[in-house]
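To start, the structure under review is shown below, and the notes come after it.
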Amino acid sequence: MPTLTTYRQAAAKLIGPYRSGTATSGSNTTVLEDTSWPVKSSLSQDDLFVDKFLYRPSATDADKTRVVATYTPASGYLYPDNGWSVAPYAGGVGESYEIHGLIEPGVLHECINEALKRIPLVIEVTLTPASNLYTRQSLATYSAWLTEEWQVRKVGVLPQGSTDREQYKPVPRRGRVVRDGSTLYLEAGSFETTDTVYLTCVKAAYYHCKPSAGTWGDQSGLALNTDQAMPVAEWVAYGTLCEVWLRYGQLLDQTANQRMIRDQAAAAAMFTSYAEQCFRLPEIELTPIRAWGPRG
């Protein structure tokens, strides 16, 4: 599954300028050396990387981000504005690094998480009834992301003894989701406390992330470079680009406002295109319980 690194690099390529590479053995706490082209070059391009963000994904937080103060093409030297506590080449191994031209990587991470909030997923969650006397079940457990009634699309139940979801299909139940203050409740009649109730829901991808060795939904958003989310990288990248345009439109294009508007619209169109390709809103199969007999 895509990681924060995957999303950051995909978005950075759209925003530009962007380059990734690996530090070589001449690196120390005051310089990052890269002897590969085009960093090492015979061209007179001393200002090519100056004032760009120099990002070391594997470094400690204090060493992660710097600005390139000086660049020497002939030697492939990138000098940061402030030295590092640990060199980008240690123990015979060079770290990967990235150069970001416009948006600082930490800010880019914020925009990635904002994009994940706008990307829907279809997931299934379980609910264990608290009592066989209750005719409504609180959904407060999912209150961080389950905020609207329409997000619950289908409800089914597996009784005790048939709880293997891979083997059995939950029996559909009629009902509805209602709001009481800030809490949503499922009104679908009573359940046995040994039943397992399955809810098919729409959930923002931001709330369905995980660390590399975790379980989906363990965390909200991506913090570490190895954290994972479900949406394809291109979808998130264009969503991130939309967020960057909203926040930093004048930085991306300071000279042609009409072009800025057009490019922002193009980014939004691509985001919508990936949404149409990757997501289908399930039909609502949670139909209300009918009341029979004469009206009182």
Mind checking which helices in the chain clear 30 Å along their axis (Cα) and have mean Kyte-Doolittle hydropathy of -1.0 or more, DSSP H runs only?
257-278
Based on the mean of other beta carbon atoms within 10 Å per residue, what is the order of 263-273, 102-112, most packed first?
102-112, 263-273
Taking R0 as 22 Å and r as the Cβ-Cβ distance between GLU187 and THR215, the FRET efficiency 1/(1 + (r/R0)^6), rounded to the nearest 0.05, comes to 0.15
Just report the Cα centroid separation between segment 39-62 and segment 159-213, whole Å.
50 Å
Expressed in nm to one decimal, what extension gain is obtained for the pair VAL171 and TRP37 from 0.36 nm per residue of sequence separation less their Cα-Cα distance?
42.1 nm
Difference of contour (0.36 nm per residue) and Cα-Cα distance, THR194 to GLU285:
30.4 nm
Helix-only CD estimate at 222 nm, as mean residue ellipticity for the chain, using -39500 (n - 2.57) per DSSP H run (n ≥ 4)
-8000 deg cm²/dmol
Computed over segment 62-153, the relative contact order (Cα-Cα under 8 Å, seq sep at least six) in percent reads 13 percent
So how much slack lies between SER85 and THR135, counting 0.36 nm per residue of separation and subtracting their Cα-Cα distance, in nm?
11.9 nm
Under 15 Å between C-alpha atoms is the cut-off here; go through the chain and count lysine pairs that meet it, provided they're at least eight residues apart or on different chains.
6
So, with points 7 Å from each Cα along the Cβ direction, the SER143-GLU110 label distance in nm works out to 2.8 nm
Which of the listed residues, VAL152, THR194, MET230, is farthest toward the dipole's positive end in segment 109-230, when Lys, Arg count +1 and Asp, Glu count -1 at the beta-carbon?
VAL152
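Coordinate-derived values only; no laboratory data. Note that the structure is predicted; figures quoted are calculated from it, not measured. Positions of Cβ are generated from backbone atoms using ideal geometry, with glycine treated the same way; all protein chains shown enter the neighbour counts.
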